[in-house]
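What follows is a short report on a single structure.
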Amino acid sequence: MKTRLHPFLLLASLLLLIGGCRSIKQTQIGKLSGEPVYNVQDFGAQGDGLADDTHAIQQAINYAMEQGGGTVYFPHGRYRLATLQEGLRVKAHLLIPPQRTPDTRDYVMICLKGACCVTTPCAYASHTTEDRYEVWENGSVLFSDTLGAPQTDPSQPPVSILAAASADNVYGMNPSTVRLEDLAFQVKAEEGGFPYLSGVNMAYAATVYADNVLIYASTRNMVLHSPSAEGHFSAGFIAPRTWCNPEEELRNVNVKSAFRYGFLLSEHANGNDLSAWNCDEAFVFSRMDHSAWLGRIHAQNCAHILSSLEVEYAGHTVGNSYIKIEQVGVEVNSGQKPLDFNYKSFVNDPKDRLYGRIWYHIVKSNVGADNSYYVTLGGTHLQAEASF
């Protein structure tokens, strides 16, 4: 005799099967890569540039953290972020949550990885022509659709696209090791203005590794203006702040277009092939008792190249910094647009907080290598040597 399955039980079985397929799919991906991989599109993200993908991506991040870490994967697409979250000393579209157990240091590795990211500096500066390049639209792009408001109080947390949330411990440290790979982060800016939001805020992360990452504004660089002129505080990339044990390893990270600070770095910073374009201050160093080492870094059309932090910002404090940089490359071109970011000084350290040694190489546009443009404001404790 045949037994017929009740319609309700049939529906329940189908739902169970669908839920199980997702788990099986994740397991298969994990076996292939050697680690758990969570595709944001499996959590509902569209990547079509239209849907608000904030909630779906946050679900994927939260789920990965609850499973003890893994990779959150972004297939090729443009992921629109239109919702902001606030709490735990940060405000951002997307948060890396801390461990739920207070006063513990059970470190979790979480990787946010894109399908690809185009970081080609084909339009980092303009002389007389308009920037028409579209390479910035390629790859896996997380873009903010929120303009926000100017932030003239540096004691307030910066509003960012991605932030590591603070934890409930003595240092506020989020015991997460964050990896960012092959991703682009785009902040919104108005024509003739500058972006109000910051890019990536890892001030409270235990450790951050970034490789092939682009942080940039939606507005063409020819019509951008200086945020410092209006007292606005923002940063493209904010590294972990000082608490003795953070690490920051950066490779091929590029910040483009109208942030006050291109990179805000702290102790144990280790990086190579870092570039900042059209920022008031390209590379800014907060207090660090342990030293930082950088290989080749580059700035194009930035007013100040190496700076000491002048006011507490994003959890970073003011104080002496100890650095070694193998080569700082700069191209100088008076009259280069946008004019607000034309070169003013190589070292901007009026309180003499920078200690260490750097090697520099300056190129004058349409002329050639010319280190005579090396200009310092303070920086008396910094040993500087020309590369030729």
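The values are calculated or read from the model by the stated rules, or taken from the named source; none is laboratory data. Just so you know, these numbers come straight off a predicted model, no measurement behind them. Quick reminder, even Gly has a Cβ in these numbers, built from the backbone with ideal geometry, and neighbours come from all protein chains shown.
Entry remark, region 372-388: residues being assigned to a loop (DSSP other than H, G, I, E, B) and touching an Asp or Glu at 6+ places or on another chain (Cβ under 8 Å) number 3 in total.
Scanning region 147-188 for residues that are in contact with a Lys or Arg (Cβ under 9 Å, 6 or more places away or on another chain), in a strand (DSSP E or B) and within 16 Å of ALA203 (Cβ to Cβ) returns VAL159, SER160, ALA163, PRO175, LEU180.
Which ones in region 311-370 are β-branched (Val, Ile, Thr) and closer than 18 Å to TRP293 by Cβ? Spell out how you get there, then give the answer.
Taking region 311-370 and keeping what is β-branched (Val, Ile, Thr), we get 311, 317-318, 323, 325, 328, 330, 332, 347, 358, 362-363, 367.
Within region 311-370, ILE323, ILE325, VAL328, VAL347, ILE358 meet the criteria.
Among residues of region 170-185 being at pLDDT below 90 and among the hydrophobic types (A, V, I, L, M, F, W, C), the one that is surrounded by the fewest Cβ atoms within 10 Å (Cβ to Cβ) is VAL170.
Looking for something under 14 Å from LEU88 (Cβ atoms) and modelled with pLDDT of 95 or more - is there at least one such residue anywhere in region 191-200? Show your work before the answer.
Looking only at region 191-200, we keep the residues that are under 14 Å from LEU88 (Cβ atoms), and these are none.
Scanning region 191-200, I find no residue that is under 14 Å from LEU88 (Cβ atoms) and modelled with pLDDT of 95 or more, so the answer is no.
If you go through region 225-262 and keep only what is in contact with a Cys (Cβ under 6 Å, 6 or more places away or on another chain) and either surrounded by fewer than 17 Cβ atoms within 10 Å (Cβ to Cβ) or not in a loop (DSSP other than H, G, I, E, B) (or both), you end up with just GLY262.
The single residue among ALA229, ALA205, ALA210 that is in contact with a strand residue (DSSP E or B) (Cβ under 8 Å, 6 or more places away or on another chain) and under 24 Å from SER155 (Cα atoms) turns out to be ALA205.
So that you can scan it fast, the table gives a plain yes or no per residue for (1) on the phi < 0 side of the Ramachandran plot; (2) modelled with pLDDT under 90; (3) aliphatic (A, V, I, L, M):
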{"site": "ALA45", "(1), (2), (3)": "yes, no, yes"}
{"site": "GLY69", "(1), (2), (3)": "no, no, no"}
{"site": "LYS91", "(1), (2), (3)": "yes, no, no"}
{"site": "ILE96", "(1), (2), (3)": "yes, no, yes"}
{"site": "GLN99", "(1), (2), (3)": "yes, yes, no"}
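Given the condition in contact (Cβ under 8 Å) with a residue 40 or more places away in the chain and within 24 Å of ASN169 (Cα to Cα), answer yes or no: does some residue in region 75-83 qualify? Within region 75-83, none of the residues are in contact (Cβ under 8 Å) with a residue 40 or more places away in the chain and within 24 Å of ASN169 (Cα to Cα). Scanning region 263-297 for residues that are outside any strand (DSSP E or B) and either in contact with a Ser or Thr (Cβ under 6 Å, 6 or more places away or on another chain) or not hydrophobic (A, V, I, L, M, F, W, C) (or both) yields a total of 11.
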